[in-house]
1. If you line up the long axis of helix 326-346 against the longest principal axis of the chain, both from Cα atoms, how many degrees apart are they, to the nearest 10?
2. If one computes the Cα centroid of the stretch 163-199 and of the stretch 39-60, what distance in Å separates the two points?
3. Count the DSSP beta bridges whose two residues both fall in the chain, then state the antiparallel fraction as a percent rounded to the nearest 5.
4. Nearest 10 degrees, 0 to 90: what angle lies between the long axis of helix 460-474 and the longest principal axis of the chain (Cα atoms)?
5. If you count the DSSP beta bridges with both ends in the stretch 249-457, what percent of them are antiparallel, to the nearest 5?
6. Would you mind checking the tilt of helix 199-208 against the longest principal axis of the Cα atoms of the chain, expressed as 0 to 90 degrees and rounded to 10?
7. Quick check on the exposure proxy: order 313, 220, 108 from fewest to most C-beta atoms within 10 angstrom.
8. Which shape class, rounded, prolate or oblate, goes with the stretch 14-113 when its Cα gyration tensor gives a ≥ b ≥ c as root eigenvalues, a/c under 1.5 marks rounded, and past that a/b bigger than b/c marks prolate?
Ligand code: G6P
């Protein structure tokens, strides 16, 4: 059978494929695996269930045939340069992203961007419909593809459709700004099951459905009025509830146990000048992450002499992200200005206040950094989950280290033994940093043990299995039993 006519019983749809196409100017193109948590979670399910993955290869104006990679059938969806600008950078990342993150930055509303979003969502839906077997399970991911569930249902009513929103879903007072608020809700309601990170996100969604569409939404069930097969009015139930995502805990633990990784952690501390306190921030360079707030708090602690640059340092890894979007360009300038100022004002020879890196690192290096750091600072102003918080905890197999965690990150619902902070309250943040610096070893250990227990018991496999269990249960007469 030619690869293009093969059909699959389980189909994942996300904006990005789990591989990126790399095309150097002089040289051969290649596929590079992207190391995201979603791949780790879904890959074993795909391999066990004859799965296909539909997504964009991360490069404009290129058409690629479907191909196999690590036992998974990958179906690339092409985007033109204009669609990357309008659907991806525009509507997804300059309209929906700021709106769904509580308008930390003002969202931009452009009708052409919306039109592109509709067209591209239809292309993803068509590609998924083309590879799905009769009665297949299709799992659609994230805010870039919110219209896909309804588009799929129209084309393929036999499918069982799940959707997972990886980012927050805002309160109705904010959501209602969106000129296309009804279309998006109707798009999502094409799914049988809609998953969110926090209970509050699912609640916000249910409220939006009631207020905007007038449908009944009680508990976790939304009642969508439809026409039955005989044309008579009928009700279709859609489940909307939370399934907090997690990480590949065992993978992080394995790395943390490796002698070379431990040696690298010791080397990092040494290269930083063997300070008493190493603090760490690891984020995509995004305005939702509160990187500036963290640096402000740290700078003030140095200024007030509560911390001394000769024995306290901050390492900030900021991985490049969405670099053509204006708000991200401005943010980079602001952060780099702040780093320069803090280092200029408080650094000493051989003792840099902030070590700042604008690149991404392989997982081994990240785990070494986690092990080298006494305090992990997660100060997001709004975040769907924040997997870095969980990665830090999973890596601390020595039961040491303190997690300072924003209450506005989804992870705060689960990681209650962290030092929870409000990043807007700079004095509160400074006090929490000092409490972390001064925390006795016994308390660090008790807290880290409790955090590790939670993360180990709720890893990413459990997340995908619980979502897929509920999803395959909604149409028991049709949906295949997935091996999870
Ligand atoms: C967030 C989103 C993902 C997205 C990732 C990286 O985690 O929830 O959907 O893939 O950021 O952003 P990018 O725009 O590079 O895909």
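Since every read-out is calculated from the coordinates, none of them should be taken as a lab result. Model, not experiment: these values are computed from the prediction. A quick note on method: Cβ atoms are made from the backbone with ideal geometry, for glycine too, and the neighbour counts reach across all protein chains shown.
1. On a 0 to 90 degree scale, this one is about 10.
2. Here the two parts' Cα centres lie 23 Å apart.
3. 25 percent
4. It is inclined by approximately 20 degrees.
5. 5 percent
6. Computed tilt is about 50 degrees.
7. Fewest-to-most Cβ neighbours within 10 Å comes out as 108, 220, 313.
8. Here the stretch 14-113 falls in the oblate category.
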